[in-house]
Structure formats: structure tokens, C-alpha cells
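Read the figures in this text as sums done on the coordinates, not as results from a lab. Being a predicted model, the structure only gives us computed values, none of them experimental. Cβ: placed from backbone, ideal geometry, glycine included. Neighbour counts: every protein chain shown.
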Amino acid sequence: MRKPLVAGNWKMHKTLADARALIGSICEGGGSIEGVDVLVCPPAQLLFPMAKAVAGTSIMMGAQTAHEALEGAFTGEISVPMIKDTGCTHIIVGHSERRHVFGETGEQLAKKVSAVMEHGLTVVYCVGETIEQREAGQTNDVVQRQLSDAIHAGIPADRLLVAYEPVWAIGTGETATPEQAQNVHQFIRSKLAEIYDQPRSESIRLLYGGSVKPGNARDLMAQPDIDGALVGGACLVAEDFLAIIGAAASTSVTSV
Ligand code: 13P
């Protein structure tokens, strides 16, 4: 049985005072919820203070991206060891905003995934199609290509999470239906079974992201291959994020 995981991607939101208020409420309400792993991914300048704030709780910390090199003349970037220093256990790689706004390529993402692995952290690898690709019937092809760009049998399956985030559902208020999301998740799992093997593909948690809200979270996470959520906008409001964590807890109870 896969334990659900709810991750909050804060993107470029929150200054220190606002972040302290948000993490305080999340710790109060979410630190003791049983049966769900909770991951928060604040922007880089908040990693140290947020790690301090979650110390002693079961809440885990992640970064939103990392540079693939160990160190060097890369103005503005931070490396995996620097992120590891802050107490993070996870790094998101291949978020659609990194792919589409910052032009990160499959080749670059493969190097980032390798860097995360080399330093013993867990990767949350994001895939997802644009609306044009969906309408052209290319969803599975796109997702398969994105997976094969960076995921291979040498990547430890126990340090890999895959997040399916259809680009057309991110920040738009439009969510994939549970059925649409389940179909792609099932496809992803079948590809992971080809890359690894059936048992390991069954052990990897697959998250759905794209306008996840308290009102739709439960139906999405009740799908057999949806093991949690990668939440953007709704994770910035403690009440909403906690409600999504609660929804994940209820699916884990009913599916045991
Ligand atoms: P929204 O939940 O705001 O659609 O963002 C999803 C996302 O990109 C999480 O990584």
C-alpha cells in the first residue's frame, strides 16, 4: 500500500513573515495527521527558516529546482549540496514552469535528476502535456518522452516520485477529471514497469498536480494510481492545504 503524499509548491510566493505564519498553521494542523506524508517546497531564501520551523514535526522540506553542477560560476543558481545543507530531502525537477518559462531541456533535466540522486535526495519529477498536445492526442507520447528523458533503471525507485501536471490545469482553475488523471497515471505506471519492473513500479508514488483544491482533492486521490497531490495556489492558504491533507488521509483510511 502506497502512503499518500501531499506536497505544496509555494512557487515564488511569501516573504519571511508571511511564510512563518503559513508554516506555523500547517505545523499546528498537519504535523500530526496520520497516514499522509506532507512536503512543503518554499522558495530558496526560505529553506533554512522553514526547515527550522518544521523541526520536530513529520513535515518534510523540498526545493523547487536545483542546478545540476556541484558548484561554479552560475550566477543566481543553487546546487543540490547547498539545498541538502538546508535540511531538504526532496527536489522538484522538470516543473512545467521550469520547462516552459525557463526553457529547461530534457537533457538538462536528466543531469538534474542525476545530481539529486548522487547526493542522496529524492526527486519529484514532473511531466505533463500542453492543451495543444492533449487536443492532438499526444498526451501519452509527451509524457513517455519526458519520462524517458530523465528516468532510467539506474535511478533508485525508492527516491523517485513522479508528478503528472497537465500544463493546461496549472493555475487555471481547470482540473483534469479524476478519470483523465487516472488514465495518465496508469500509463505512467505502465511505463515505470517497463523501466524498472512491476513491483518497483507499484512502489513509486504518483502525484497529480493542476488546480488541486479542497473540493476536488478527494475524488482525484481516490483513483487507484493517484497517490497524492502537488499543490500550487491552494497550498498558500493553510486552511486549504490542510483540507487537502485531510482528504489524502481519508483516502488512505478507506483504501487500507
Ligand atoms: P496550481 O495548484 O496553482 O494549479 O499549481 C499546480 C502546480 O504547478 C504545482 O506544482
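The set of residues from the range 66-123 being among the small types (Gly, Ala, Ser) and more than 16 Å from the ligand (Cβ to nearest atom) comprises Ala69, Gly72, Ala73, Gly76, Ser79, Gly87, Gly103, Gly106, Ala110, Ser114, Ala115, Gly120. Beta carbons closer than 8 Å, at least 6 apart along the sequence or on distinct chains, pair a first residue in the range 225-237 that is within 8 Å of the ligand (Cβ to nearest atom) with a second that is of a type in the set (Lys, Arg) for Gly232/Lys11; Ala234/Lys213. Counting the residues of the range 135-172 that are more than 17 Å from Arg205 (Cβ to Cβ) and within 16 Å of the ligand (Cβ to nearest atom) gives 8. A count restricted to the range 51-61 and to residues that are closer than 22 Å to Arg159 by Cα and part of a helix (DSSP H, G or I) stands at 2. In the range 5-20, which residue that is more than 16 Å from the ligand (Cβ to nearest atom) and in contact (Cβ under 8 Å) with a residue 12 or more places away in the chain is surrounded by the most Cβ atoms within 10 Å (Cβ to Cβ)? Top of the filtered list is Ala19.
In the range 198-222, the residues that are acidic (Asp, Glu) never reach a residue that is more than 15 Å from the ligand (Cβ to nearest atom) and outside any helix (DSSP H, G or I) with C-beta atoms less than 7 angstrom apart, at least six apart or across chains.
The residue that is surrounded by the fewest Cβ atoms within 10 Å (Cβ to Cβ), among those in the range 21-39 that are part of a helix (DSSP H, G or I) and not small (Gly, Ala, Ser), is Glu28.
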